[in-house]
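Okay, structure first, notes after.
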Amino acid sequence: MERLLVVGLGNPLYGDDGFGSCLAQYLSLFNPFVLDGDAHGIGILGNLTDYDILIFVDVDARLPPGVVAVERIEGSLTVDQTRLVDAHRTPPSLLVGYMRAMGLNPKAFLIAVGPRSFEPLSMASPEVLKAAPAVVEALREKLKEFGYELRAEGDVVKYVEDCYRRVLRT
Amino acid sequence: MSTIKLWIDPITRIEGHLALYAEIDAASRAVSKAHTTTMMFRGFEVFLRGRPPEDAIHITSRTCGVCGAAHANASTRACDAAAGMTPLPMGNVLRNMAYAMTDYTYDHSIILNMLEGPDYSEAIVSKLTPSVWETAKSTPANYSSIHGYRTIADIMRDLNPIQGRIWQLTVKHQRIAREAGVLIYGRHSHPSTLIPGGISTDVTLLDSLLQEYYTRLSLLTAWVKFVWAIWQDLYEFFRDHVSTPDGQSYALTQGKTHDPPVLLAGGWSDDPEVYSGIYDEAGGDWVKLYSLLDKAYNARWEKPGFAIGHEIYSPKPTEIQLGYLEFADSSFYDDWVKANVAPPYGWLKEDPLGRPLAYGNDPLFKYHMWNRTTIPRPGAINFAEKYTWAAEPRLLLKDGRIAPIETGPIAQLWLDTLHATTVQVDNHKAWESNGSQLKVYLPGGTVNPDLPEGTYGELTITWNLPKYSTTMERLLARAVHLALVVSLAWANLLYGLKLVNAGKTQTSRPWSFGKWPSFSYSFGWWHVPRGNCMHWLVQQNGKIANYQYEAPTTPNVSPQNSRCTDPWKNQCRGPFEMSVINSKVTEEVPPDQWTGLDFVRAIRSFDPCLACAVHFEAKGEGGRVYNVIEKVIWNACSL
């Protein structure tokens, strides 16, 4: 079986940006292969290098709000180009590109949702919250392709909302 | 002869933003002029006033995205002393165990192999100093039995950034160190569990926590043997096979700092019983507790003090700090003494024990950190007047001399060695010293599938006290110190297990919000990967009246001024500038293509941290005001 890791990314202090992180917190309660990548930027790199398959959960600003997409992460960086990576803002494409510059070549996917807003200190938008079950289903289908079963119990939307409330102290 | 003028701005692979200006004689390759300048105003001291002291632990942590725990720990010690409370033994053990991982094992590893390492990689060495590369290819490594590399060139090849094996192994092992620390701190790089008089780590499942820590410590013990062996080999290669243009040993002369050396260390790893015991002895009286701080600091498992050459000037932090002054002659601040701006409580003249600050020297006592007021005064760079945001720490000695200050892992090992002592828990001897030599003992049975079997066995590392601090001596000291802190992590883990067996798992004293004396003042020193982190706190009724701190790099990055006396009268500047002045260009390319490799090697060897935290500005948006990060400068904040 190939080694697989699901990584949710984002910062809940910035509205919809934190969705991937909160969703990963929820899924990691039931699945050992799910990691909350938070907003570590390139600091998360050390967690990724031992895996054959990486599946990120993150927002993709190119999508309309609430729309869910499964994307394949292609492309790579040269060693010289890695100098241009901003250590604090490192989306999945750059993380995977960085790994390919290191000589690693994981299969990499992104389960993406379109954001409404990155307003600081605001709850995830209704569109993104409503899309949470669809993101979980898309992830479940992708995991099946590699022989992994996704487990989840309870109300994902409520958990994500609670995750934001913990962070925002509302 | 022509003069080459070099502006290196920014110096990459350091934390924060630092620039260097140097003038070099093209024929002799010697430096005639050097200045470093930092462009970021930190300003935490300004907005800390009026807040609860315990908030400073978490606010000052945000000074830096790499060594946040450094500030959090120094601040915690300042709060302990001002509150009159220290943790119970298990609390001290947990504080020590966490810090051994983050920052030490994490930070030393990335500094050596990812930030400084590329300067010694094939990519750089073969391009800028091809003759050194040729020599490296034919020079066998002395420590192959540990790291597995046949030649020095093999090591340099794997130090290549991104694609080199050492670089990639560091990505992995720094993560393991952070995981071990986060078991106790809750998160990295800003610990969430440090509180005055204790630590709030949930110890409900303490046995499991110690087990999780142990598995990581075992892997990392093999790792530090690997890293030390690499850097011991590089040091010996640059000592025995590489020369400066005037025929001197590269390792023994390049990047030399002051003569005689002036080295300050705070020590770290509080002795679990002694640091706890001073609370019982003081009975809740913060002044009494202050009088016991030298005892507690000297019981630390690494030792404090200020050394001049190979002599300890004083091992007592409360005594040394009486003369710890900071000036603003060359830095972008108003001189608060000349402007007659006293702190809110008036000029403090004595420490809590009644000893006069600055030994009674007026006006110098007003430059003591308890009396400082930060008044920013931005301006253009003018090397003849003011040219940096880094202020100018100097140490006033009892005999009236004023010295510059150097700090870092070399300073810590220097003081450990001069203390001539042994640190041991049961059968685990962590290290011992005799005044001129230090030995570090690492346990065996440490299997790590990513590393050669040579890293699995017991190892004794010997470090000889050098005559001077040079570029390569500082790098070697960092590698030896990495091993030493891991040995201390074992000592703390063993002590923690003893406490568990004895049922002594309580960690903290009953400190609570608002529980502060009506007035108290203190300091907290904690030696960290980049130097001695020093915080000075004055609180009134649970609010900060004044808070001043020295980031670990502050003494090292000090600009030039004219405050020093002999023998440092003509060396009155921080170690960064001194190390550049005492470097010669060894690049084998025409002068118009010089990159300043030897200078950035010298500066990076200190692991500079210019504090990247405050590069934001307030902007109006939609009728509201946010703090918006405008620009993130390339730095070492994450890796």
Inter-part gap, Cα centre of segment B:92-158 to Cα centre of segment A:77-106, in whole angstrom, is 22 Å
As straight-line cross-link partners of A:Lys144, the qualifying lysines (C-alpha separation under 29 Å, not fewer than 8 residues apart within one chain) are A:Lys107, A:Lys130, A:Lys158, B:Lys172
For B:Lys515, counting only lysines whose alpha-carbon sits under 27 Å away and dropping same-chain residues fewer than eight positions off, the answer is B:Lys288, B:Lys295, B:Lys349, B:Lys504, B:Lys543
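Okay, helix-only estimate at 222 nm for chain A: each DSSP H run of n ≥ 4 adds -39500 (n - 2.57), divide by all residues, round to 500 deg cm²/dmol; what do you get?
Computed mean residue ellipticity for chain A: -10000 deg cm²/dmol.
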Given backbone amide H placed at 1.01 Å from N, residues whose amide H is under 5 Å from that of B:His527, ignoring those fewer than 5 places away on the same chain, are B:Gly266, B:Gly267, B:Trp268, B:Cys533
Once phi for every residue in segment B:36-51 is put through the Karplus expression 6.51 cos²θ - 1.76 cosθ + 1.60 (θ = phi - 60°), the whole-Hz ³J(HN,Hα) values, with Gly and Pro written as x, are 10, 9, 10, 10, 10, 8, 7, x, 4, 4, 6, 8, 6, 4, x, 8
Across all Cα atoms of the protein assembly as shown, Rg and the largest Cα-Cα distance (Dmax), in Å, are 26.2, 78
The alpha-carbon center of segment B:1-16 and that of segment B:44-63 are separated, in whole Å, by 33 Å
For segment B:347-360, Karplus-derived ³J(HN,Hα) couplings (6.51, -1.76, 1.60; θ = phi - 60°; whole Hz; x for glycine and proline) come out as 5, 7, 9, 9, 7, x, 9, x, 8, x, 5, 6, 6, x
Taking max minus min of the Cα coordinates of chain B on each principal axis, largest first, gives extents in Å of 67, 60, 59
Excluding residues fewer than 8 positions from B:Lys584 in its own chain, the aspartates and glutamates with Cα under 18 Å of it are B:Glu23, B:Asp25, B:Asp119, B:Asp240, B:Asp246, B:Asp259, B:Glu473, B:Asp592, B:Asp598
Computed from the beta carbon distance with a Förster radius of 25 Å, FRET efficiency for A:Lys158 and A:Arg89 to the nearest 0.05 stands at 0.25
The FRET efficiency for B:Asn541 and A:Leu63, from their Cβ-Cβ distance with R0 = 51 Å and rounded to 0.05, is 0.40
Mean-square fluctuation maximum in Gaussian network of chain A, Cα pairs under 10 Å, restricted to A:Phe146, A:Phe56, A:Phe19, hits A:Phe146
If unit charges are put on Cβ atoms (+1 for Lys and Arg, -1 for Asp and Glu) and the dipole of chain B is taken about its Cα centre, the option from B:Val589, B:Thr105, B:Gly50 lying farthest towards the positive end turns out to be B:Gly50
With label points set 7 Å from each Cα along the Cα-to-Cβ direction at B:Ser192 and B:Asp426, the distance between them in nm comes to 3.3 nm
Share (percent) of C-alpha pair distances in segment A:4-168 greater than 21 Å works out to 42 percent
Given backbone amide H placed at 1.01 Å from N, residues whose amide H is under 5 Å from that of A:Val59, ignoring those fewer than 5 places away on the same chain, are A:Gly20, A:Val113
Projecting the Cα atoms of B:His35, B:Ala222, B:His535 onto the charge dipole of the protein assembly as shown, where Lys and Arg contribute +1 and Asp and Glu -1 at Cβ, the residue farthest towards the positive end is B:His535
If every Lys and Arg gets +1 and every Asp and Glu gets -1 at its Cβ, then about the Cα centre the protein assembly as shown yields a dipole, in debye to the nearest 20, of 920 debye
Helix-only [θ] at 222 nm, chain B, -39500 (n - 2.57) per DSSP H run of 4+, per residue, nearest 500, equals -10000 deg cm²/dmol
With the charge dipole of the protein assembly as shown built from beta-carbon charges (+1 for Lys and Arg, -1 for Asp and Glu) about the Cα centre, the Cα from B:Gly503, B:Ile603, B:Ala282 projecting farthest to the positive end belongs to B:Ala282
Exposure proxy check on B:Ser218, B:Ser208: fewest-to-most Cβ neighbours within 10 Å is B:Ser208, B:Ser218
Non-local residues with an amide H under 5 Å from the amide H of B:Arg187, with H modelled 1.01 Å from N and Pro and chain starts lacking one, are B:Ser192
Quick note on B:Asp202, B:Asp607, ordering by fewest other C-beta atoms within 10 Å, gives B:Asp202, B:Asp607
To the nearest 20 debye, segment A:4-168 has a Cα-centred charge dipole, built from +1 on Lys and Arg Cβ and -1 on Asp and Glu Cβ, of 100 debye
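Filter the DSSP H helices in chain A by two things, a Kyte-Doolittle mean of at least -0.5 and an axial alpha-carbon span of 15 angstrom or more, and list the hits by number.
Both cut-offs are met by A:126-145, A:156-168.
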With +1 at each Lys and Arg Cβ and -1 at each Asp and Glu Cβ, the charge dipole magnitude of segment B:351-415 around its Cα centre, to the nearest 20 debye, comes out at 120 debye
Distance in Å, no decimals, from the C-alpha centre of segment B:407-482 to the one of segment A:2-47 is 38 Å
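Here, each number is a calculation from the coordinates, and none is a lab measurement. Keep in mind that what you see is a predicted model, and the values were worked out from it rather than measured. Every residue, glycine as well, gets a Cβ built from its backbone with ideal geometry; the counts of neighbours run over all protein chains shown.
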